[in-house]
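Note sheet for the following structure.
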Amino acid sequence: MRRREFIALLGGATAAWLLEAHAQQQPVVGFLSGRSLAYDSKLVAAFLQGLKEVGFVEGQNFAVEYRWAEGQFDRLTALAADLVGRQVSVIFAGGLDVRIRDVRAAISAIPVVFATAGDPVELGLVASFNRPGGNTTAVTVISASLWPKRLNLLHELVASSVVVALLVNPEDPSAEPSTRDVYAAAKGLGLQVHVIRARTESDFEAAFAMLVSKQASALLVTNNALFNSRREKLVALAARHRVPTIYDRRDFPADGGLMSYGASIVDQYRQSGLYVGRILSGARPADLPVVQPTKLELVINLKTAKALGLTLPQTLLVAADEVIE
């Protein structure tokens, strides 16, 4: 081999080694979700935007290992263990719901930022809101505590209704407190509540058949990763049965559902990205207070309301943050 060729070969090998070494030096973030990229692409973009705001750009100074359970929640613990085995620097975990405690146990040795709709203290994720303690902090939209307000909004729209249904996934830790709160609020309004349950997508048809048999004239759909990832089917079933329905997030009325009330999930993921970036910069999860929403939004789909033959009270229209026409 000629001297010039040898130097060129050596230079190429050195450059490749340097690139590999540089990649190995970059911190790696584990991104764990019970849903799928197809449903959460906007949330991923918001998460990466949050990281960018504190100086981290994917592919430039950090990498991401994505793990999607695609609605198969029994896979979450194994996916979490895989991220631990890859020795990622920090894990973001969202859309876990029914497996959130199992995942918490599987990744307790690594700094974690949870995105949850429930109370992270009640779920056992943190010691307190102000001082989370341990290796975990969270960004919550406190959706579970808002069901009495959602029931009031639904009752204002369908004032003649005396029987309402509440759709829950009984395996979700937030199902029990949500049900308790709705029962208490319904008593004050003189309403009767029937709980209908769905553990999997295959239970949806039976759940709506139960709604019909109980003569419920309005429906509340609780927050759950299964329901969120299959929202088109739930919206279609509500339309087919002509039942006014309220949800916890804007995605539902954006896809044809009647109305929603809750915090912005996009902002929750951006805030999560901010926290992950701060941890990469040296902050400890124990010192990062749980982030709670500062703004709640009421979204109404006017086209769906008209299709259901509903006349929206002026008070609701004025209160709405967004009316989709």
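The figures follow:
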item: For segment 178-272: relative contact order, % (alpha-carbon pairs under 8 angstrom, 6 or more apart); result: 18 percent
item: Hits among lysines - C-alpha to C-alpha of Lys214 under 18 Å, sequence gap 8 or more where chains match; result: Lys187
item: Projected label distance in nm at Lys149 and Ser36, using a 7 Å step from Cα toward the beta-carbon; result: 3.2 nm
item: Listed pairs Lys52/Lys303; Lys42/Lys303; Lys149/Lys303 exceeding 29 Å between Cα atoms; result: Lys52/Lys303
item: Among beta bridges that DSSP assigns inside the chain, antiparallel share in %, nearest 5; result: 10 percent
item: Which of Arg242, Arg104 is most accessible, then next, and so on - probe 1.4 Å; result: Arg242, Arg104
item: Where Met210, Met259 fall by accessible area, highest first, once all protein chains stay in place (1.4 Å); result: Met210, Met259
item: Mean accessible surface per residue for the chain, computed with a 1.4 Å probe while every protein chain stays in place, in Å²; result: 46 Å²
item: Accessible-area composition of the chain, carbon plus sulfur, in percent [1.4 Å probe]; result: 52 percent
item: Residue-count net charge about Leu234 - beta-carbon cut-off 13 Å; Lys, Arg +1, Asp, Glu -1; result: -2
item: Square roots of 5 times each gyration tensor eigenvalue, C-alpha, segment 162-276, largest first, Å; result: 24, 17, 14
item: Separation between Cα centres of segment 102-145 and segment 47-75, rounded to whole Å; result: 18 Å
item: Helical contribution to [θ] at 222 nm, DSSP H n ≥ 4, -39,500 (n - 2.57), averaged over the chain, rounded to 500; result: -13000 deg cm²/dmol
item: Accessible-area value, Asp40, 1.4 Å probe, nucleic acids and ligands omitted, Å²; result: 10 Å²
item: Integer Hz, Karplus 6.51/-1.76/1.60 couplings in order for segment 93-105, x for Gly and Pro; result: 10, x, x, 8, 6, 5, 10, 5, 6, 5, 5, 4, 5
item: Three principal axis lengths of the chain [C-alpha, angstrom, descending]; result: 89, 40, 37
item: Low-density loop cleavage sites - GluC sites (Glu not before Pro) in segment 118-192, where at most 16 other Cβ are within 10 Å (DSSP); result: Glu122, Glu171
item: Potential lengthening between Thr200 and Glu58 on full extension [0.36 nm per residue; Cα-Cα distance subtracted]; result: 47.7 nm
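The values are calculated or read from the model by the stated rules, or taken from the named source; none is laboratory data. Predicted, not measured: the structure shown is a model, and the values here were computed from it. Neighbour counts are summed over all protein chains in view; Cβ atoms, including those assigned to glycine, are modelled from backbone coordinates with ideal geometry. The accessibility values were calculated without ligands, DNA or RNA, using every heavy atom of the protein model including side chains. Shrake-Rupley method; radii C 1.70, N 1.55, O 1.52, S 1.80 Å.
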